[in-house]
Amino acid sequence: MSISIQDVCFSYPNANRATIDHFSLTIEKGEVISILGRSGSGKSTMLRLLAGLEAPTKGSFTIQEQVVFDGTTFLQPEKRGIGMVFQDYALFPHMTVRENILFGLSQLKNEEKKKRLREVLELVELQEFEKRYPHQLSGGQQQRVAIARAIAPNPHLILLDEPFSNLDAELQVKIRKELRDILKKAKITSILVTHDENDAYAIADRIVKLKDGCIEVVGRPCDLLVDG
Ligand code: ADP
Ligand code: ADP
């Protein structure tokens, strides 16, 4: 087992109910999970808890047996080995594709850096574009750079927050498939949150339906479709 999230609860100060209510899930290494729920269901909050931007009220989270948080431990965000992809890509506009990807690799030796850069550029099929700046790329290409940058340091887990919401409908269909292929090829454990069923069904190995901070159901896309 790769990742274990047990009984996580969280409330914002002054909120009259729990924003995350007893969330438990175990995730296999390399699995792609989608958390699906309406706006306000708690998806972003769950990612913020996993990333370390908020501290849970209760519960535990371990990655490969290492405790990230529990009643006594709280690992700082930068020590968690978690990569993030946000909806607005958040690429550095004044840096080329190459520089954007190298940014997270500063702890590696030069040789290793170059090797890893090649690997991830090949994975996202952007070898030809390494000298371009973000504004010289299409939306889909920027998206792939953001993914390459998140994957480059070999994180244990990547978190993707509505990664398609800035793309037009046609591109969205294409990028969904590309993203699933990239994540599976990289064998990287991923949690993607979305309000869009089509995203979740196209990408995930398993879908977690979230409503008012509670898990309604967890299942493989084929099983959930059968059950309605
Ligand atoms: P989602 O990502 O599914 O849209 P969020 O995690 O952003 O949901 O929000 C879940 C709930 O928590 C909502 O009711 C929202 O209004 C509330 N919320 C989000 N951020 C804050 C905050 N900083 N302070 C208080 N309440 C918040
Ligand atoms: P994708 O399907 O990967 O998003 P598009 O069909 O949107 O690609 O773009 C097609 C081509 O146009 C790409 O090779 C891309 O590099 C190029 N392109 C798109 N926007 C720009 C831009 N602002 N400046 C330079 N080239 C661009």
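Only the coordinates and a few stated rules stand behind these numbers; no lab work does. As the structure is a prediction and not an experimental result, all values here were calculated from the model. Quick reminder, even Gly has a Cβ in these numbers, built from the backbone with ideal geometry, and neighbours come from all protein chains shown.
Looking at region 46-71 only, could you name the residues that are within 13 Å of the chain's Cα centre (by Cα) and either more than 23 Å from Ala186 (Cα to Cα) or polar (S, T, N, Q) (or both)?
Once the filter is applied, which keeps residues that are within 13 Å of the chain's Cα centre (by Cα) and either more than 23 Å from Ala186 (Cα to Cα) or polar (S, T, N, Q) (or both), region 46-71 yields Met46, Arg48, Leu49.
Pick from region 3-30 the residues that are polar (S, T, N, Q) and out of contact with any strand residue (DSSP E or B) (no Cβ under 6 Å at 6 or more places or on another chain): which of them is surrounded by the most Cβ atoms within 10 Å (Cβ to Cβ)? This residue is Ser11.
Let's see how each residue does on (1) over 24 Å from Gln142 (Cβ atoms); (2) in contact with a Lys or Arg (Cβ under 8 Å, 6 or more places away or on another chain):
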residue	(1), (2)
Ser2	yes, yes
Asp21	yes, no
Val32	no, yes
Ser44	no, no
Ala55	yes, no
Lys79	yes, no
Phe92	no, no
Ser106	no, no
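Exactly one residue out of Ile101, Ile33 is in contact (Cβ under 8 Å) with a residue 60 or more places away in the chain and at negative phi: that is Ile33.
Looking across region 103-115, the residues that are within 19 Å of Ile188 (Cα to Cα) and under 20 Å from the mean Cα position of the chain (by Cα) come down to Gly104, Leu105.
Within region 165-194, residues that are at negative phi reach partners that are within 16 Å of ligand 1 (Cβ to nearest atom) and of a type in the set (D, E, K, R) with beta carbons closer than 6 Å, at six or more positions or on different chains, in the pairs Val193/Lys43; Val193/Asp161; Thr194/Glu162. When the helices (runs of 4 or more DSSP H) confined to region 118-228 are screened for residues that are within 23 Å of Glu28 (Cα to Cα) and within 16 Å of ligand 2 (Cβ to nearest atom), those reaching at least 1 such residues are found at 139-151, 169-186.
This table checks each residue for (1) out of contact with any Gly (no Cβ under 6 Å at 6 or more places or on another chain); (2) within 17 Å of Ala51 (Cβ to Cβ); (3) not β-branched (Val, Ile, Thr).
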site	(1), (2), (3)
Gln66	yes, yes, yes
Thr73	yes, yes, no
Ala90	yes, yes, yes
Met95	yes, no, yes
Gly104	yes, yes, yes
Val120	yes, no, no
Gln142	yes, no, yes
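The single condition from (1) assigned to a strand (DSSP E or B); (2) crowded, with 18+ Cβ neighbours inside 10 Å; (3) without any contact (Cβ under 8 Å) to a residue 60 or more places away in the chain; (4) among the hydrophobic types (A, V, I, L, M, F, W, C) that Leu49 fails is (1). Among the residues making up region 95-116, a single one is aliphatic (A, V, I, L, M), touching a Pro at 6+ places or on another chain (Cβ under 8 Å) and closer than 22 Å to Lys79 by Cα: Leu105. From the list Arg149, Arg180, Arg132, the one residue that fits, being surrounded by 15 or more Cβ atoms within 10 Å (Cβ to Cβ) and over 13 Å from the mean Cα position of the chain (by Cα), is Arg132.
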